[in-house]
1. Restricting to the stretch 262-277, name every residue that is under 14 Å from the mean Cα position of the chain (by Cα) and loosely packed, with under 12 Cβ neighbours inside 10 Å.
2. Just for strands (runs of 3 or more DSSP E) wholly inside the stretch 82-143: which have at least 2 residues that are free of Cβ contacts under 8 Å to residues at least 40 places away in the same chain and touching a helix residue (DSSP H, G or I) at 6+ places or on another chain (Cβ under 7 Å)?
3. Check whether at least one residue in the stretch 88-95 is crowded, with 20+ Cβ neighbours inside 10 Å and away from the ligand (no atom under 12 Å from the Cβ), and report yes or no.
4. Determine whether the stretch 244-251 contains at least one residue that is part of a loop (DSSP other than H, G, I, E, B) and within 16 Å of the ligand (Cβ to nearest atom).
5. Among the residues of the stretch 184-205, which ones are buried (at least 17 other Cβ atoms within 10 Å of the Cβ) and either in contact (Cβ under 8 Å) with a residue 40 or more places away in the chain or within 11 Å of the ligand (Cβ to nearest atom) (or both)?
6. Among the residues in the stretch 117-133, are any modelled with pLDDT under 95 and more than 10 Å from the ligand (Cβ to nearest atom)?
7. Might you check whether a residue that is within 11 Å of the ligand (Cβ to nearest atom) and more than 17 Å from the chain's Cα centre (by Cα) occurs anywhere in the stretch 161-168?
8. So residue 280 passes all but one of these: (1) under 21 Å from residue 97 (Cβ atoms); (2) in the same structural domain as residue 218 (by TED's automatic domain parsing). Which condition number does it fail?
Ligand SMILES: N[C@@H](CCC(=O)N[C@@H](CS)C(=O)NCC(=O)O)C(=O)O
């Protein structure tokens, strides 16, 4: 016990990536809420997943785990992670998981209002003209689910997918459902003419999409009954579903009858990663409004 606590102290003071990794491992194996006198710094608790509260010579201090880089497994050199993103979109989900992983990443916001996603430069890297798009050391990865799996594999300490192989597949299945089952109906409400060019049918397209979504949110509500998250802790599907639910609410679907979904949404809103995302989104929207 004393050796582990000493590791924590070192991690708090030294703060190299390896030390923080040790600290995190120590925390996952022990309860963080103990006081262990180890020289000058005493760990007294953990606020959220990454913010630590400790005493330094009797003075209360709070520190945040520094962002970590994904290291290239051959060279050991930190990899450059870039997320192409746009406010409101499903690119919010990988922003949340990268933040949960305390990953060091750069966000390149695209202004959809100005058509930046259909610019020749962007089409060169993503002919699908969509976000999210992840670029890792110049290598391009599209599609939310592949991106989420890459993040989960690259930052295993964040446990963004369940450890059990069958449960992991269940998580991938859930994300596929968010992306291929729920998202297309949300997209229809967002832009009915993209799926039906018969004049004066917009309202009908929206109504049908909303009815389908109600059925899908009911399924999610049943899955979330009696649980905080889809699995026994926060995982990537929670981030993806959070985005689906947020979009549904933005379209003023009445989701209030889905009690477990509502509780999940509120729980997600409390997470520091989501708070960070919302603040970031606001700043980008303000920037885009100025540029309009
Ligand atoms: N299947 C893709 C869907 C991505 C997607 O539809 N993104 C929307 C934003 S939510 C987008 O970029 N739309 C722009 C467009 O279609 O031009 C995924 O899951 O990554």
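The values are calculated or read from the model by the stated rules, or taken from the named source; none is laboratory data. Everything numeric here is computed off the predicted structure, so don't read it as measured data. Cβ: placed from backbone, ideal geometry, glycine included. Neighbour counts: every protein chain shown.
1. Listed by number, the list holds a single entry, 270.
2. Those strands (runs of 3 or more DSSP E) span 139-142.
3. There is at least one residue in the stretch 88-95 that is crowded, with 20+ Cβ neighbours inside 10 Å and away from the ligand (no atom under 12 Å from the Cβ).
4. yes
5. 186, 189
6. No, there is no match, as no residue in the stretch 117-133 is modelled with pLDDT under 95 and more than 10 Å from the ligand (Cβ to nearest atom).
7. Taking every residue of the stretch 161-168 in turn, none turns out to be within 11 Å of the ligand (Cβ to nearest atom) and more than 17 Å from the chain's Cα centre (by Cα).
8. (2)
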